[in-house]
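Trainee: This is the structure I want to talk about, given as structure tokens.
Throughout, read-outs are computed from the coordinates displayed, never taken from laboratory work. These numbers come from a predicted model, not from an experiment. So basically every Cβ, Gly included, is an ideal-geometry build from the backbone, and we count neighbours across all protein chains shown.
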Amino acid sequence: MAMAVDSMVFFVAVALFFNLAASQSTAKYTNHTVGGPAGWFYNINTKKTSADYSAWAAKQTFNLGDYLIFSTNTNQTVIQTYNETTYRNCSMDDASDDDTFQYQGGSNEFGEAMTVAVPLTIEGPQYYFSDADDGTQCLNGMAFEIKVGHGIGLPPSLNQPPPPSYVEPPSTVEAESPPITVVTSRPNGGGVRSSAGSFLVVSILVMLVLHLL
């Protein structure tokens, strides 16, 4: 009986293992085209967006490693922020460099087609909007918010440590020091004075010896 129970536990464990492996193998990351076929556009004449972006976002499931694909042109901008206040204000004016990023748009070449791919690398709420036309586009619906789940986690290509903080290199200008004079020879006449002094001492010694004799 004990052997039968052990065999059953073994087969259940094996089945669970293969089910987990199968679910992991079928799990994948998703590219979400913002607005669907309508893309990320704003009509300045009608002051309307090409899609209801909040309604579109509500129907999606976002996870780490997914991408938001903005099919748009240079008449719009793509702003990503983790700051809800920045999002509500439809402006980057008071935004921090740590939580708000502009990916593309606002080019002087109006109407130039472009595709912007934004990776989802942080879990939790985040916000997107276009601040073109001094925020008018955002105020008229060119904005949406999403919540990013963990999913299967970040792929290795996005799971990189942040770059080290910038450290200013040391200055290459050395502190000035007073000039040093290097003497490579004796002053003129030094050798002559030294020889004369030696001759005088020898003469005195000779006179003393003669006197004693």
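Trainee: Please give the contour-minus-distance gain from Asp94 to Lys47: 0.36 nm per residue of separation, less the Cα-Cα distance, rounded to one decimal in nm.
Mentor: Result: 14.4 nm gained on full extension.
Trainee: With the crude spin-label approximation of a point 7 Å out along Cα→Cβ, what separation in nm comes out for Glu145 versus Ala113?
Mentor: 3.4
Trainee: How big is D for the stretch 26-153, in µm² s⁻¹ as a whole number, if Stokes-Einstein is applied with the Kirkwood radius of its Cα pairs at 37 °C and 0.692 mPa s?
Mentor: Taking Rh from Cα pairs, D becomes 223 µm²/s.
Trainee: Whose amide H sits under 5 Å from the amide H of Gly35, counting only residues 5 or more places off or on another chain, with H placed in the peptide plane?
Mentor: Those lying under 5 Å, H to H, from Gly35: there are none.
Trainee: Just to confirm a number: summing +1 for Lys and Arg and -1 for Asp and Glu over residues other than Phe129 whose beta-carbon lies under 10 angstrom from that of Phe129, what do you get?
Mentor: Net local charge, Phe129 excluded: -1.
Trainee: By average Cβ neighbour count within 10 Å, what is the ranking of 64-74, 78-88, 93-103, 28-38 from highest down?
Mentor: 64-74, 78-88, 28-38, 93-103
Trainee: So what is the relative contact order of the stretch 26-153, in percent, for Cα pairs below 8 Å that sit 6 or more residues apart?
Mentor: 32
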